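The values are calculated or read from the model by the stated rules, or taken from the named source; none is laboratory data. Fair warning: this is a prediction, and the values are worked out from it, not measured in the lab. Here the Cβ is made from the backbone with ideal geometry for all residues, glycine too, and neighbour counts use every protein chain on show. The area values use the complete protein model at the heavy-atom level, side chains included, leaving out ligands, DNA and RNA. Shrake-Rupley method; radii C 1.70, N 1.55, O 1.52, S 1.80 Å.
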Amino acid sequence: FKMCPGRVISKLLCSGEKEVDLAVQSAKAAFKIWSQMSGMERSRVLLEAARIIREQREEIATLETINNGKSIFEARVDIDISWQCLEYYAGLAGSLAGEHVQLPGGSFGYTRREPLGVCVGIGAWNYPFQIACWKSAPALACGNAMVFKPSPFTPISVVRLAEIFTEAGVPKGLFNVVQGGAATGQFLCHHPDVAKISFTGSVPTGIKIMEMAAKGIKPVTLELGGKSPLIIFSDCALENAVNGALMANFLTQGEVCCNGTRVFVERKILDVFTKEVVKRTQKIKIGDPLLEDTRMGALINRPHLDRVQGFIKQAKEQGAEVLCGGDLYVPDDPKLKNGYYMRPCVLGNCTDDMTCVKEEIFGPVMSILPFDTEEEVVERANATKFGLAGGVFTRDIQKAHRVVAALKAGMCFINNYNISPVELPFGGYKASGFGRENGRAAIEYYSQLKTVCVEMGDVESVF
């Protein structure tokens, strides 16, 4: 494999209405087989898929780096999280059960946890392989089939996942991949045989998907955007807080929905924190993402790079100060000259009313904002339409728990950031969406509960 930034690496045909229908019908047929298997039988297949991914970690990570532009260092972490996700839900598959309820007179009731049917997964381009695993693992563990549409910007690695599931022994067609953009997504959402839709992406697209799903009364899981607060108190461990701020802003070139891009810093440590963050940001190695020491690769495409640059330009016009970065980066290697690189940016002198502070940039841009009191920063942190994540750095553990309890966000971090263990549910509040991925909570969104009431005596009629 070689990196060829700015060049076409593959061409795929978009799936039209006919192809989408074929994929759904194929998944529907496979569902009849898969849903009748025991949880333990499904578990063994998912464990085998996890084993294959683990065994082919380096190959898949390289494919993902070429697919997305992130560093190989990060891509390996993504692949590790992916096989761990499959292992986790393999472990749960055999334990899915309902409950027995004793009723008067020897009668009783029980509940059955049943699969939904053919589920649709629509992924984003920042974590293509990992998102596909996050959606497919609980879906398949619960006995469902899935038709997955990756982003048209990153169509490649999910196809490899489909091959791996087939190698592992899932029924043919159980996990199908269709390619395309908005039109393909619409065909999926409107298809009468689709039982559920899980989407990761932007708020505007999430709204459209929810509208389409409503016409068929289909349940949806929406994992949308964010403008998450990262609160740095003066009693923090400074080096740890700086590391957290870098993790919260510059992973995957800043193209992460839960990034803590509004960095609120208590005024008494504002200068020392800012100085250290700028120094560390300027040392981030940018370049060929397949090199071991690279820590920041290329942004996803030219329009997105231009959009991020536009946010920085507007921030300067509104009074923000560019403390470092923000400009285009041209690597020395001539084969990388057409890549969509930029230097990670730190903005100072920011205020809550600036566009860079209110809107999701989805690039390597950190906005630093001073605060004076706990009450003030909590109010400002919550003054957003989003509610995906939030973070707190402090040595005062009581304050840490008090603040995260007050944050209106679905995923909160204390003295760390952007940690995504598959055991913990992930999802947002407010415009950041609803439903949860990962953890036991995801089982609720890929299954339905049937109640059975059994009468052991004669029926007493009121007629």
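Summary table below
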read-out	value
Convex hull of region 14-144 built on C-alpha atoms - directionally averaged projected area, nm²	10.3
At 1.002 mPa s and 20 °C, Stokes diffusion of region 229-414 via Kirkwood alpha-carbon radius, µm² per second	128
Hz values of 3J(HN,Hα) by residue in region 318-328 - Karplus curve (6.51, -1.76, 1.60), Gly and Pro given as x	8, x, 6, 10, 7, 7, 6, x, x, 9, 5
Nearest 10 degrees, 0 to 90: helix 270-282 Cα axis against the chain principal axis	80
Out-of-range pairs (alpha-carbon distance over 19 Å; input LYS28/LYS450; LYS208/LYS430; LYS28/LYS196; LYS70/LYS275; LYS18/LYS149; LYS70/LYS385)	LYS28/LYS450; LYS70/LYS275; LYS70/LYS385
Within region 2-224, percent of DSSP bridges classed antiparallel, to nearest 5	15
At most 16 other Cβ within 10 Å, DSSP loop - chymotrypsin sites (Phe, Trp or Tyr not before Pro), region 298-362	TYR329
Helix 397-406 axis, angle to the chain major axis (alpha carbon atoms, nearest 10°)	70
DSSP bridge orientation in the chain - percent antiparallel, rounded to nearest 5	35
Cα-based equivalent ellipsoid of region 275-327: semi-axis lengths in Å, sorted from largest, via gyration tensor	23, 18, 5
With Cα atoms, 0 to 90° folded angle of helix 302-317 axis to the chain main axis	50
Pairwise centroid distance, computed over Cα atoms, of region 422-441 with region 136-178, Å	21
Residues whose placed amide H lies under 5 Å from that of LYS196, excluding near-sequence neighbours	VAL120
Rounded to 5, the percent of DSSP beta bridges in region 229-414 classed as antiparallel	15
Along principal axes, Cα extents of region 308-463, largest first, whole Å	83, 47, 33
Accessible area of the chain divided out per residue, in Å², using a probe of 1.4 angstrom	43
For the chain, with +1 on Lys and Arg beta carbons and -1 on Asp and Glu, the positive-most of VAL265, MET247, VAL454 along the dipole	MET247
All-pairs Cα distance distribution in the chain, expressed in whole percent, bin size 20 Å	24, 52, 21, 3, 0
Region 119-219: radius of gyration over Cα atoms, expressed as a fraction of 2.2 N^0.38 Å	1.00
DSSP-assigned coil residues among GluC sites (Glu not before Pro) in region 284-367, each with at most 16 further Cβ atoms within 10 Å	GLU292, GLU359
Cut-off under 5 Å, modelled amide H: who pairs with PHE413 long-range	GLY390, GLY391, VAL392
Percent carbon-and-sulfur accessible area, the chain, ignoring ligands, DNA and RNA, probe 1.4 Å	55
